[in-house]
Every structure is written in structure tokens, then in C-alpha cells.
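*Asks:* I'd like to ask you about the structure that follows.
Derivation of every value follows stated rules applied to the coordinates shown; laboratory data play no part. These figures come from a predicted structure and were not determined experimentally. Note that each Cβ is placed from the backbone with ideal geometry, even for glycine, and that neighbours are counted across all protein chains shown.
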Amino acid sequence: MNDHSNLKIVCPVTSQIKNYTGTLLLKKDRINKLTKDSEVLVFQIRTIDEVRLINMIGTITDQQMKRIRIYIDEILTY
């Protein structure tokens, strides 16, 4: 969020894929290091304290991040 806060904006990831509108499907690969195909629940965006982020599993591509930002923009437009 900013340099003076320990808060981070996150979207939950689940392996229980429901194909909801506005979610991003992540196929497991060596970049994201997921053990199962998963879904980013963008509509459940939230802010948490960074101390809750214990370890980083992997990363997503710039294109996947761009898609998440589009979905967030769509949520905030309504």
C-alpha cells in the first residue's frame, strides 16, 4: 500500500476451482510452484497485515497480474 504501512492488498487463491466470473485460473507450473491448478478469487480482495504472510510460494506472470488488475478495476467500477 505505501511505505508507512504494514498492510498488503491480497486476493485469496484456492484449489477448489468453481470458474466464477472475474477469477483467474492458475495452472500449476514451476514459476507459481502450486501443487494443484488453482483459482485467484479476485472478488474476495482484502487487506491484511504483512505479518500474516508467512512465506512466498511462487510468482505469477506480468500478464496474469494485468488480468487481476482488470478484474479489480471491474469490481471497483460498480
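*Asks:* Add +1 for every Lys or Arg and -1 for every Asp or Glu among the other residues with Cβ under 13 Å from the Cβ of Gly58, and state the total.
*Replies:* Every neighbour counted, the sum reads +4.
*Asks:* Would you compute, from DSSP H runs of 4+ residues alone, the mean residue ellipticity of the chain at 222 nm, taking -39500 (n - 2.57) per run and dividing by the full residue count, rounded to the nearest 500?
*Replies:* -7000 deg cm²/dmol
*Asks:* Could you derive backbone 3J(HN,Hα) for region 12-22 from the dihedral phi with the Karplus parameters 6.51, -1.76 and 1.60 (θ = phi - 60°), listing whole Hz in sequence and x where the residue is Gly or Pro?
*Replies:* x, 10, 10, 8, 8, 6, 10, 6, 5, 5, x
*Asks:* Continuing with the same structure: When we measure straight from the Cα of Lys27, which lysines land under 23 angstrom away, once same-chain ones fewer than 8 places off are left out?
*Replies:* Lys18, Lys36, Lys66
*Asks:* In debye, nearest 20, what is the charge dipole magnitude of the chain about its Cα centre with +1 on Lys and Arg Cβ and -1 on Asp and Glu Cβ, if you could check?
*Replies:* The calculated dipole for the chain is roughly 320 debye.
*Asks:* Just the number: Rg to Rh for the chain, Cα atoms, Kirkwood Rh, two decimals.
*Replies:* Reported Rg/Rh (Cα atoms, Kirkwood Rh): 0.96.
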